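The values are calculated or read from the model by the stated rules, or taken from the named source; none is laboratory data. What you see is a predicted model, and the numbers here were worked out from it, not measured in a lab. Virtual Cβ from ideal backbone geometry, glycine too; neighbours counted across all protein chains shown. The accessibility values were calculated without ligands, DNA or RNA, using every heavy atom of the protein model including side chains. Shrake-Rupley method; radii C 1.70, N 1.55, O 1.52, S 1.80 Å.
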Amino acid sequence: MLDLAVKQVPYYREYWEKRRQRGDRASWAYLENWPILKKDPLRRFPKAFVVEGADFRSLIEEHTSGTTGTPLTIWRNLETERQWYALYEARVRRWNGFSYHDRWAILGAQPIIAVTQQHPPFWVWNAGLNQLYLSAIHISETFVSSYVEALWKYRIRYLLGYPFALALIVRLAEKVGLQLPQLDSVITNSEILLPEIRAILSRGFKCRVVDTYGMSETVAAASECEFGHMHVWPDAGVIEILREEEDKPADKTEPGRLILTGLLNPIMPLIRYEIGDRGRWASDPTHCECGRQMPVLAEIKGRLDDVLLSPDGRRIDAVIAVVFKADLPVREAQIVQRALDHLEIRIVPEAGFSDRDVDVLVRRVKKIAGEDMDVDVVKVDAIQRGPNGKFRFIISLLDHSSPLSL
């Protein structure tokens with residue numbers, strides 16, 4: 001992958017040519033000689049990271065802002081997609097006793113139905129994948145009974161999705177006295193799985209809760225085994241943990257910045273990519289009672305923001321990031337909820353940002369939050385960082401003593 005990147009990827013080739021011109025003879029064959037890749041150049045020059053000669057018409061293009069409010073465009077080919085799904089099949093489904101034959105449900109952010117729809121169904125049934133795709137933006141006390149009925153109707157074995165949104169279904173079902181089906185597993189992704197959220201999910205669905213770690217950039221992944229240990233997938237990517245203030249490896253169990261090098265995407269290789277998450281290795285990262293020799297992460301930090309509610313009480317923080325697609329000239333963004341019906345969108349604009357882009361952003365937010373949401377777009381020079389150098393994507397100034405909040 002390093003050989004491919006230095007010879008055929010414009011961004012990296014130019015970088016190493018400049019080092020050579022300065023008389024630097026460090027070998028690119030050693031990962032530690034490569035620079036740390038921040039999100040900004042990837043966001044500003046995404047095609048410079050794509051291998052020369054790639055046919056973009058044949059590639060899978062994905063726009064994501066993750067949970068940091070920094071929009072990115074990622075390209076993959078079909079073979080990378082197949083390998084990623086194959087690893088998921090092996091490390092998530094099979095580890096937990098499932099296969100593609102089993103009926104399952106996913107709570108996701110894809111716009112499968114109109115946000116304004118006020119009657120069920122709030123899902124679509126994908127017969128080819130035995131998959132019930134549930135809308136994450138319609139969960140409310142009014143509609144929770146429809147979600148529970150769908151889980152019963154489609155005889156779901158396991159449930160996959162955002163932990164906070166899944167926990168909201170449990171809390172609302174318990175509040176109105178609905179009986180949830182007993183599942184074989186709940187599998188969480190995209191957000192940190194807090195202990196209290198794990199307990200809510202386990203209690204509600206009367207099953208084991210399994211955490212996973214991954215990202216749209218497909219540069220690394222990890223999943224829990226039956227003993228609750230988070231095993232890194234070494235064939236998906238290389239994980240380094242560096243100290244907070246310097247680009248040196250953290251001590252054995254010292255927490256630090258996750259630096260990731262993907263191994264599956266030769267179309268867009270990302271080398272030593274700083275994702276923005278923090279973590280630390282287990283005290284004995286190669287030992288686990290399950291017998292697997294894959295390294296164990298003791299902790300992953302990051303991806304935790306405040307709750308965001310719509311005027312009608314729906315949790316929308318899990319899906320709001322999709323409004324900041326890479327087609328808008330926005331460098332960074334932050335959402336502040338000042339009232340149940342008032343959002344302030346702080347953006348660091350790029351050159352060319354116009355009133356039209358403001359209208360597009362407001363329209364996208366209202367499509368998710370509802371027309372009753374008042375949206376102010378505020379341009380700022382920079383978004384304030386915390387002590388760890390990372391800014392909070394969502395800030396809520398609401399009183400979260402409401403039974404709808406977690």
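The set of residues in the stretch 141-153 that are surrounded by fewer than 18 Cβ atoms within 10 Å (Cβ to Cβ) and not in a helix (DSSP H, G or I) comprises GLU141, THR142. Among the residues of the stretch 236-252, the ones that are surrounded by 14 or more Cβ atoms within 10 Å (Cβ to Cβ) and part of a loop (DSSP other than H, G, I, E, B) come to 4 in all.
Can you confirm whether SER202 is under 17 Å from ILE300 (Cα atoms) and either free of Cβ contacts under 8 Å to residues at least 24 places away in the same chain or touching a strand residue (DSSP E or B) at 6+ places or on another chain (Cβ under 7 Å) (or both)? For SER202, the condition - under 17 Å from ILE300 (Cα atoms) and either free of Cβ contacts under 8 Å to residues at least 24 places away in the same chain or touching a strand residue (DSSP E or B) at 6+ places or on another chain (Cβ under 7 Å) (or both) - is not met.
The residues of the stretch 349-386 that are over 13 Å from THR116 (Cα atoms), assigned to a helix (DSSP H, G or I) and in contact with a Phe, Trp or Tyr (Cβ under 9 Å, 6 or more places away or on another chain) amount to a single one, LEU361. No other residue among ASN130, ASN96 is in contact with a Phe, Trp or Tyr (Cβ under 8 Å, 6 or more places away or on another chain) and on the phi > 0 side of the Ramachandran plot apart from ASN130.
Every test in (1) hydrophobic (A, V, I, L, M, F, W, C); (2) open to solvent by 40 Å² or more (accessible area, probe 1.4 Å); (3) part of a loop (DSSP other than H, G, I, E, B) is passed by VAL51 save one, and that test is (2). Filtering ILE106, ILE112, ILE60 for residues that are open to solvent by less than 80 Å² (accessible area, probe 1.4 Å), among the β-branched types (Val, Ile, Thr) and closer than 17 Å to ALA321 by Cα leaves a single hit, ILE112.
What number of residues within the stretch 155-178 are in contact (Cβ under 8 Å) with a residue 12 or more places away in the chain and farther than 20 Å from ASN189 by Cβ?
7
Taking the criterion of being open to solvent by 40 Å² or more (accessible area, probe 1.4 Å) and either among the hydrophobic types (A, V, I, L, M, F, W, C) or at pLDDT 90 or above (or both), the residues of the stretch 155-171 that qualify are ARG155, ARG157. Determine whether GLU61 is in a strand (DSSP E or B), farther than 22 Å from GLN334 by Cα and out of contact with any helix residue (DSSP H, G or I) (no Cβ under 8 Å at 6 or more places or on another chain). Answer is yes for this residue. Among the residues making up the stretch 100-112, a single one is in a loop (DSSP other than H, G, I, E, B) and within 13 Å of ILE139 (Cα to Cα): ALA109. Within the stretch 116-140, the set of residues being open to solvent by less than 40 Å² (accessible area, probe 1.4 Å) and of a type in the set (Ser, Thr, Tyr) comprises TYR133, SER135, SER140. Filtered by the rule that a residue be surrounded by fewer than 14 Cβ atoms within 10 Å (Cβ to Cβ) and outside any helix (DSSP H, G or I), the stretch 32-48 gives PRO35, ILE36, LYS38, PHE45. For the stretch 172-212, the candidate set comprises residues that are among the basic types (Lys, Arg) and crowded, with 18+ Cβ neighbours inside 10 Å; within that set, the residue that is modelled with the highest pLDDT is ARG208.
In summary, ILE316 fulfils each of the numbered conditions (1) of a type in the set (Val, Ile, Thr); (2) more than 17 Å from PRO71 (Cβ to Cβ); (3) over 22 Å from the mean Cα position of the chain (by Cα) with the single exception of condition (3).
Scan (1) surrounded by fewer than 19 Cβ atoms within 10 Å (Cβ to Cβ); (2) over 15 Å from PRO269 (Cα atoms) for the single condition ASN77 breaks and write down its number. Unmet for ASN77, out of (1) surrounded by fewer than 19 Cβ atoms within 10 Å (Cβ to Cβ); (2) over 15 Å from PRO269 (Cα atoms): (2).
Residue by residue, here is whether (1) hydrophobic (A, V, I, L, M, F, W, C); (2) in contact with a Pro (Cβ under 7 Å, 6 or more places away or on another chain); (3) free of Cβ contacts under 8 Å to residues at least 24 places away in the same chain holds:
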| residue | (1), (2), (3) |
| --- | --- |
| ASP3 | no, no, no |
| LYS7 | no, no, yes |
| ALA29 | yes, no, no |
| LEU42 | yes, no, no |
| ARG57 | no, no, yes |
| ILE74 | yes, no, no |
| LEU78 | yes, no, yes |
| ARG94 | no, no, yes |
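Checking the stated criteria, ALA29 turns out to be under 24 Å from TRP233 (Cα atoms), in a loop (DSSP other than H, G, I, E, B) and of a type in the set (A, V, I, L, M).
The set of residues in the stretch 206-235 being in a loop (DSSP other than H, G, I, E, B), farther than 20 Å from GLY97 by Cβ and touching a Leu at 6+ places or on another chain (Cβ under 9 Å) consists of MET215, SER216, GLU217, THR218, VAL219, ALA220, PRO234, ASP235.
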